[in-house]
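Please treat every number below as a calculation from the coordinates, not as lab data. Treat the numbers as computed from the prediction; the structure is a model and nothing was measured. Neighbour counts are summed over all protein chains in view; Cβ atoms, including those assigned to glycine, are modelled from backbone coordinates with ideal geometry.
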Amino acid sequence: MAAATRSCRPWGSLPGLLALVSAAAASWDLTSLRCNFGSFCECDFRPDLPGLECDLAQHLAGQHLAKALVLKSLKAFVQDPAPKKPLVLSLHGWTGTGKSYVSSLLAQYLFQGGLRSPHVHHFSPIIHFPHPSHIERYKKDLKNWVQGNLTACGRSLFLFDEMDKLPPGLMEVLLPFLGASWVVYGTNYRKAIFIFISNTGGEQINQVALEAWRSRRDREEIGLQELEPVISRAVLDNPHHGFWHSGIVEEHLLDAVVPFLPLQRHHVRHCVLNELAQLGLEPQDGVVQAVLDSTTFFPEEEQLFSSNGCKTVASRITLFL
């Protein structure tokens, strides 16, 4: 099957990504590759995996494991006309390493409306579940919301941000939706995608990356087998994480634990150049260096990893233009 031609742009930030959603959606050909992965186009589900792969390759700095895991999982899932269970991914890593950026790209390249699609549902603990004392109401509402929206469209995407800030016990209501049953409450839900995002495991990932650097191992030599056990343990041992006693980890319902490595100085430089391109500006050595000089790195001795990843790059650039 011939791949559709697509030009990746250096969007660099979520605001730029959202601004281009409508233009990108308007240009899609419903008979193109995006609708021919073994299933019909459902709702506004328009998978463009070549576009996603291109964007990740150009703009996601320093995340060889995340790129490979996300793409491999999505390709296998989208190409299967009758998946055995929903796709469930858990993204872990230090702040500013690209977790939210990747989740926004998944919405962009899977649904015609991107993050504004009626079939993309983004949950934030601060916005949707702010009061732990209301946990029973939240559980009922979340179960009804997921069930109702899967009834309306089996091809739905559910994003759960800041899992380490969710009220304990809330996620247990998702357990029936994440397994391999044919139906739940009369709803066929096997084509849904669930993405969970958290900083939990970030310190452990950073330690593995630091030890690899001290041992003079290439960053790309760090494998999932080194990271998945320490991330899983960090989650299971954290009573403040949304997975705490939910059964989701214990019953092996995660299809992939996706680690995001801490970013080094050259990765932050990559982010600065992307952001300048997003602003329509040519690379400016003075601005790039000023942003790097204003960025805090750790550990104190090595000054190796950015404390905020690329999270504050956009705001810092405006200070030096």
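Over the residues of the chain, compute the C-alpha Rg and express it relative to 2.2 N^0.38 Å.
Taking the Cα Rg and dividing by 2.2 N^0.38 Å, one obtains 1.00.
List the lysines whose Cα lies under 23 Å from the Cα of residue 67, skipping any in the same chain that are fewer than 8 positions away.
Within the straight-line limit of under 23 Å, residue 67 reaches these lysines: 75, 85, 99, 191, 311.
Amide H neighbours of residue 111 under 5 Å, counting only residues 5+ apart in sequence or on other chains, H built in-plane at 1.01 Å?
46
Positive end of the charge dipole of region 190-316 (Lys, Arg +1 and Asp, Glu -1 on Cβ, about the Cα centre): tell me which of 213, 232, 274 has its Cα farthest that way.
Value: 274.
If packing is taken as the average number of other Cβ atoms within 10 Å across a peptide's residues, how do 54-67, 91-104, 226-239 rank, most packed first?
Answer by packing, highest mean first, reads 91-104, 54-67, 226-239.
If I build a Gaussian network model for the chain, linking alpha-carbon pairs within less than 10 angstrom, which residue out of 286, 51, 114 has the largest mean-square fluctuation?
Looking only at 286, 51, 114, the biggest GNM fluctuation is shown by 286.
Along the charge dipole of the chain, pointing to its positive end and built from +1/-1 on Cβ of Lys, Arg, Asp and Glu, which listed residue (287, 304, 88) has its Cα farthest out?
Farthest towards the positive end: 88.
Toward the positive end of the charge dipole of the chain, about the Cα centre and with charges on Cβ (Lys, Arg +1; Asp, Glu -1), which of 261, 314, 103 goes farthest?
Projecting each Cα onto the dipole axis, the largest value belongs to 103.
Restricting to DSSP H runs of at least four residues, report the calculated mean residue ellipticity at 222 nm for the chain, -39500 (n - 2.57) per run over all residues, nearest 500 deg cm²/dmol.
The helix contribution divided over the chain gives -13000 deg cm²/dmol.
Scan around residue 88 for amide H atoms under 5 Å from its own, H built in the peptide plane at 1.01 Å from N, and keep only partners 5 or more places away or cross-chain.
The list, which skips near neighbours in sequence, is 194, 255, 256.
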